[in-house]
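Below is one structure, written out as structure tokens; the observations come after it.
The values are calculated or read from the model by the stated rules, or taken from the named source; none is laboratory data. If you're wondering where the values come from, they're calculated on a predicted model, not measured in any experiment. Methodologically, a virtual Cβ is constructed for each residue, glycine included, from the backbone with ideal geometry; neighbour enumeration extends over all protein chains shown.
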């Protein structure tokens, strides 16, 4: 990944004021350098500084601006459990039944969480689960006839969480009036132009489930065996998509070539480099 903390390549900072009317002949990418090559504190966003502080210091040599200079390691913890229960019972000589229940649960990470200061990287915490119930009945109405009736229910709740689940964005400086309206409480998605992006856009909880009914009839008529059956099955899903519920920020850019082209056309559109 790319970290903007330090670099062997000297970068000259330039100060732009896109909200002001640009002077005649002004080119954004040709503006004069900031005094001392240090951006004044009055021009820095406290929220931007808090987000930038999430990046760790590089731990590999920086070949050039924008190249990878950090290798992260992590311990991926996966856990799974499974259990099965079954009960058979004979109610009468002509009615036998059995019921079974299967449970499967898992918790695992979807990718390496390279940045942990505090919750920056696009990590995924997957929590799938399966619950299956079966109820089967066998009836003998007569010595030559067999009737089977079965019911099944399968539930598959799956929760895809951001690794930063529970993060309070007011700690970054965002106002509580904004944070309280977010649907998902986690680190915001921050798409950077030259550095690794931050945050996660995982969808959140979803529950897949199915229901089925199976009916079968078999009857002997002399040398013949007549069979008939019916199957009903429904598959459903309930979900709330929270992919972008934690906010989405993008770092704006503009190339010098585009800025000069805009200037030659004397357009009144200006941006920041």
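Please give the number of the condition residue 231 fails out of (1) at pLDDT 80 or above; (2) in a loop (DSSP other than H, G, I, E, B); (3) surrounded by fewer than 14 Cβ atoms within 10 Å (Cβ to Cβ).
Unmet condition: (2).
What residue, among those in region 31-85 that are surrounded by 13 or more Cβ atoms within 10 Å (Cβ to Cβ) and modelled with pLDDT under 70, is farthest from residue 108 (Cα to Cα)?
31
Residue 252 is checked against (1) at pLDDT below 90; (2) under 30 Å from residue 149 (Cβ atoms) and fails just one. What number does that condition carry?
Status for residue 252: all satisfied but (2).
For region 170-209, how many residues meet the condition of being in a strand (DSSP E or B), at pLDDT 85 or above and under 30 Å from residue 131 (Cα atoms)?
4
Only one of these conditions is not met by residue 150: (1) touching a strand residue (DSSP E or B) at 6+ places or on another chain (Cβ under 8 Å); (2) surrounded by fewer than 17 Cβ atoms within 10 Å (Cβ to Cβ); (3) at pLDDT 90 or above. Which number is it?
Status for residue 150: all satisfied but (2).
For residue 213, indicate whether it is assigned to a strand (DSSP E or B) and surrounded by fewer than 15 Cβ atoms within 10 Å (Cβ to Cβ).
Spelling it out, residue 213 is indeed assigned to a strand (DSSP E or B) and surrounded by fewer than 15 Cβ atoms within 10 Å (Cβ to Cβ).
So how many residues does region 143-188 have that are over 23 Å from residue 243 (Cα atoms) and in contact with a helix residue (DSSP H, G or I) (Cβ under 6 Å, 6 or more places away or on another chain)?
0
Being within 29 Å of residue 96 (Cα to Cα), in contact (Cβ under 8 Å) with a residue 60 or more places away in the chain and touching a strand residue (DSSP E or B) at 6+ places or on another chain (Cβ under 6 Å) narrows it down to one of 221, 226, 215, so name that one.
Checking each option against the conditions leaves just 215.
Could you say whether any residue in region 118-128 is in a strand (DSSP E or B), under 21 Å from residue 240 (Cα atoms) and either at pLDDT 80 or above or over 31 Å from the mean Cα position of the chain (by Cα) (or both)?
Checked region 118-128: at least one residue is in a strand (DSSP E or B), under 21 Å from residue 240 (Cα atoms) and either at pLDDT 80 or above or over 31 Å from the mean Cα position of the chain (by Cα) (or both).
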